[in-house]
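The block underneath contains the structure these notes are about, expressed in structure tokens.
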Amino acid sequence: METVRYIRPTRYRSIFISDTHLGFRGAQAEYLLDFLRSTECEYLFLVGDIIDIRALKRGIFWPQAHNEVLREIMRKALGGTQVVYLPGNHDAPLREYDGTVLDQLRVTDRYIHTTADGKRLLLLHGDQFDTVVQCSRLVSLLGAGAYDTLMRANILVNRLRRALGAPYWSLAAHIKRRVANAQTYITRFERAAAFEARRLGLDGVVCGHIHHAAIKQVEGVLYCNDGDWVESCTSLVERHDGVLELLHWSDARCTVMAEDEATAVAEVA
């Protein structure tokens, strides 16, 4: 009998994604679409820079995979998932719709989420903490032109890796980890985000913006950054017991496929 290979959706209480930059040539929309189709949740938080309106103003780039990502998000909303959209600096025009609610979809600049174990978290994109320029840290350090060049190189490197059967790897993240000024910027950003959560009397903060995924304690406050879907393909998830964890989808995908293939074989047997 032929074995049928499938992926069973993993269920979480909450999923947090940001910096997908749909409309930008460096967006990893195929990985994101695979992630969305492989997961289900009660709450889906879109933590800014989902649609890169800035990039679209420079020139239209909108392949089918970018359409499919938006369709999958709407499918989740229509299926009962509460979707909260917190615009960032690249989709800032959507901030004009702050407070808009359409069935299961809400647009808001800030949001306070309570986890299953009672932690109260401030959710916002994070560009509010960037006092230098309103863009990512690498754009600040190298300039938009250099960043676009790096993203094109990132695409080429991963096309080659896919052809060789290797998992996704971020050239951009690899380079930035070795830039001393970038590390200083990240530290200052994390402290500013933690300060705002503490000022509001909250337990922690969830943001994006700087394309650097992390879960850590910063000066007594829980700091979470869900990363991005241009460089690292990461998401923050909340399990049903309230525990938060980061998923690096290229790694998690391999694990999920292996587990589900084993389950499928066992059920057929």
Checklist entry - How far apart, in nm, are the 7 Å Cα→Cβ label points at Q82 and R11? => result 1.8 nm
Checklist entry - In terms of the Cα gyration tensor, with a ≥ b ≥ c the square roots of its eigenvalues, is the range 56-114 rounded because a/c is under 1.5, prolate because a/b exceeds b/c, or oblate? => result oblate
Checklist entry - Along the Cα-to-C-beta direction of D103, a point sits 7 Å from the Cα; which residues of the range 62-81 have their amide N less than 20 Å from that point? => result 67-81
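Can you give the extra length, in nm with one decimal, that the chain gains between M74 and T114 once fully stretched, where that is 0.36 nm per residue apart less the Cα-Cα distance? Write out the running numbers ahead of the final one.
Values: separation 40, 0.36 × 40 = 14.40 nm, distance 2.33 nm.
Roughly 12.1 nm would be gained on extension.
No value in this document is a laboratory result; all are computed from the given coordinates. Everything quoted here is computed from the prediction, not taken from an experiment. As a convention, Cβ positions derive from the backbone with ideal geometry for all residues, glycine included, and neighbour counts pool all protein chains shown.
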